[in-house]
Every structure is written in C-alpha cells, then in structure tokens.
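Heads up: the structure comes next, in structure tokens.
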Amino acid sequence: MINFSKMHSLGNDFMVVDALSDAVTLKPEQIAKWGDRQRGIGFDQLLMVAPPSAPDCDFDYLIFNADGGEAEQCGNGTRCVTDFVRRRGLTQQTQLSWNSKGGIVRTAIRDDGMIETWLPEPQFQHARVPFQHSEAGRPPGQCVALETEHGEVQIVPVSLGNPHGVVFVDDVIELDVAGIGHALSHHEAFPERANIGFCQIVNKGFIRLRVFERGASETLACGSGASAAVAVGCQTGQLNSKVKVSLPGGKLRVEWPNSKGLIKLVGDSTFVYNGQLDI
C-alpha cells in the first residue's frame with residue numbers, strides 16, 4: 001500500500017508519493033500504468049519524497065515522467081513536494097533543501113502562500129546539457145541549427161539539471177508544439193532527450209511559453225522550462241533579469257540576477273485529493 005496526493009501547479013499535475021513513512025520501490029511499467037489518463041490516475045510526473053541521502057538536505061526528491069522514465073529536475077514539482085511535506089506534517093520548516101538527481105534545490109514558503117524555488121545555475125556548455133552536434137563547438141548560449149522533418153530549427157541548448165532546448169518564435173499560439181516538439185526532443189543531438197520550450201518575447205520583462213516535455217508531451221506549465229527560456233533570453237540580451245512567464249496553465253515569475261548563480265522561480269501549488277494504492 002502506498003499513500004499519495006494528487007497535486008498540480010498551473011495545471012502541471014503530479015502524483016506525489018510518500019516514501020518516508022514506508023520504503024517504496026516502483027517499476028517504470030507501474031508508473032506508466034498509473035500515468036495513463038484514461039485507465040490510470042493520470043499525471044505529467046510522479047514525484048517521490050524520500051529520506052535524505054545527502055548531508056545538509058531535508059529530503060530526497062525523485063521525479064518520474066508519465067512514461068516511467070526518471071527525470072533529473074522539475075521546477076513546478078518542487079513547489080508541490082514542499083506543500084506536500086507541510087500538509088502531511090512531515091516538517092514545520094518553511095525553508096527546505098531537496099536532493100534531486102539534477103542537483104540540490106532549495107524552496108521557501110512565503111507569507112502570501114507562494115513558493116520560491118532556487119534551481120541550479122543554468123549550464124550552457126554543450127557537454128553539460130548534454131548536446132551533441134556538428135555545430136556543438138559553437139560558443140555556448142548561441143543558436144544551433146537542427147534539421148527535422150519540419151524543416152530547420154534554430155535552438156539554444158541549456159541545462160537546469162535536466163536538458164532543455166529553447167526555440168524563439170514570433171507566435172507561440174498557432175505553433176505545432178506536438179509535432180516540432182517531439183522531433184526536437186527526440187533529435188539525436190540530445191542523447192538523453194530534452195524538454196523543448198517555444199518562447200515568444202512580448203517585451204524584455206514578459207514572454208509567452210509552451211513546453212514539450214520529454215516523456216509527457218506538451219504540458220500546461222513547466223517550471224524548469226520557464227527558467228530555461230529566461231536564462232537563454234538573459235544570456236542573449238533579449239530579456240531582463242526579472243520576467244513574467246505566461247504558460248497555457250497560468251503565470252510564473254522567474255528571476256536571474258546578474259545572469260549568474262541560482263535561478264529563482266516563483267509560483268503556487270494546489271492540492272487536489274489524497275489516495276491509496278495497493279502495489
């Protein structure tokens with residue numbers, strides 16, 4: 001028996017599993033079965049909260065996509081697990097450190113109920129993404145041309161602990177995110193696949209964004225994707241250090257002071273219901 005909560009942030013929805021009270025081991029096929037929106041619980045990612053395995057961290061934080069594959073990072077998920085451990089009475093702290101596969105993440109609950117997340121510093125070096133291409137020797141942070149069945153696409157690879165590619169577009173509304181996103185996410189240049197963000201810059205402090213997430217298709221919101229888009233925009237001089245990000249599910253705020261160091265993501269978390277499953 002496992003205990004879980006269904007939660008979401010801006011419609012980016014999660015099954016959050018308590019692996020603190022009882023040891024939990026899940027198989028990819030179990031996760032994929034539960035992730036099915038017609039025959040299972042349905043979610044973009046399954047998040048597991050476990051005892052800390054690293055010093056100076058409060059919890060371990062495991063992330064699995066709806067297809068059962070493990071991911072390294074999830075910006076919106078950090079807010080939901082922070083809310084989860086507070087609701088479950090697992091901690092009374094308002095500032096927490098999380099050990100994820102993509103690095104240490106820190107969160108803080110504000111007085112207004114919003115949750116701040118500090119994600120690892122964006123990495124533009126292609127080997128760190130990882131990104132492998134004939135043009136991979138170009139200076140980090142610049143566009144690289146990738147050939148797809150949808151034509152040539154200019155993309156900037158970046159890592160937020162998990163691999164991302166950012167594509168600047170004139171109009172994000174009418175874009176074929178499913179088709180182009182899938183082609184880029186599975187492109188051989190991304191050996192670990194990648195989340196692909198399509199970014200329309202409205203002004204230097206406001207962008208519209210849609211994200212195709214590996215293992216989940218397009219989601220209503222992607223926190224690390226929003227952070228990746230802002231980081232690339234700052235790196236290329238197109239955005240300010242404080243940016244509002246409009247996603248299909250709602251709005252996030254991203255701050256990257258001086259275009260270096262940790263990048264801050266601010267948003268909410270919503271509880272839906274608690275459940276139990278026999279395994």
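May I ask you to derive the relative contact order of the range 126-261, considering only C-alpha pairs under 8 Å and at least 6 residues apart, and to give it as an integer percent? Intermediate values should be presented prior to the final figure.
Details: 280 pairs, mean separation 26.0, N = 136.
Once divided by the residue count of the range 126-261, the mean separation gives 19 percent.
In the structure displayed, which of K6/K264; K33/K101; K6/K251; K27/K244 lie more than 32 Å apart, Cα to Cα?
Correct reply: K27/K244.
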What is the list of residues in the range 206-237 whose amide nitrogen lies under 18 Å from a point 7 angstrom out from the Cα of Q154, following Cα to Cβ?
208, 229-237
In what sequence do R106, R79 fall when counting other Cβ within 10 Å, fewest first?
R106, R79
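Give me the percent of Cα-Cα pairs in the chain that sit more than 26 Å apart, rounded to a whole number.
Numbers: 14769 of 38781 pairs.
Cα-Cα pairs in the chain separated by more than 26 Å: 38 percent.
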So what does the Cα-only Debye profile of the range 126-261 read at q = 0.09, 0.17 Å⁻¹, as log10 I(q)/I(0), no solvent term?
-0.22, -0.83
Before anything else, pin down the relative contact order of the chain: Cα pairs under 8 Å, at least 6 apart, normalised by residue count, whole percent.
20 percent
Taking the chain as a Gaussian network, Cα atoms linked when under 10 Å apart, which of E152, E174, E116 shows the biggest mean-square fluctuation?
E174
Quick one: which of 257-264, 272-279, 85-92, 164-171 comes out on top by average Cβ neighbours within 10 Å, and what's the full order, highest first?
164-171, 257-264, 85-92, 272-279
Would you compute, from DSSP H runs of 4+ residues alone, the mean residue ellipticity of the chain at 222 nm, taking -39500 (n - 2.57) per run and dividing by the full residue count, rounded to the nearest 500?
-4500 deg cm²/dmol
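Going by how many other Cβ atoms sit within 10 Å of their own, how do M7, M114 line up, fewest first?
On the way: M7 26, M114 14.
Ascending Cβ contact count within 10 Å gives the list M114, M7.
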Calculate the spin-label point distance for Q125 paired with E70, positioning each point 7 Å from the Cα along the beta-carbon direction, and give it in nanometres.
2.4 nm
If every Lys and Arg gets +1 and every Asp and Glu gets -1 at its Cβ, then about the Cα centre the range 50-105 yields a dipole, in debye to the nearest 20, of 280 debye
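Work out how much length T91 to N240 would gain on full extension: take 0.36 nm times their residue separation and subtract the Cα-Cα distance, in nm to one decimal. Display every interim value, and only then the final one.
Numbers: separation 149, 0.36 × 149 = 53.64 nm, distance 3.57 nm.
Using 0.36 nm per residue and subtracting the Cα-Cα distance, I get 50.1 nm.
Readers should treat all values here as calculations from the given coordinates under stated rules, not as data from a laboratory. Quick caveat: nothing in here was measured; it's all calculated off a predicted structure. So basically every Cβ, Gly included, is an ideal-geometry build from the backbone, and we count neighbours across all protein chains shown.
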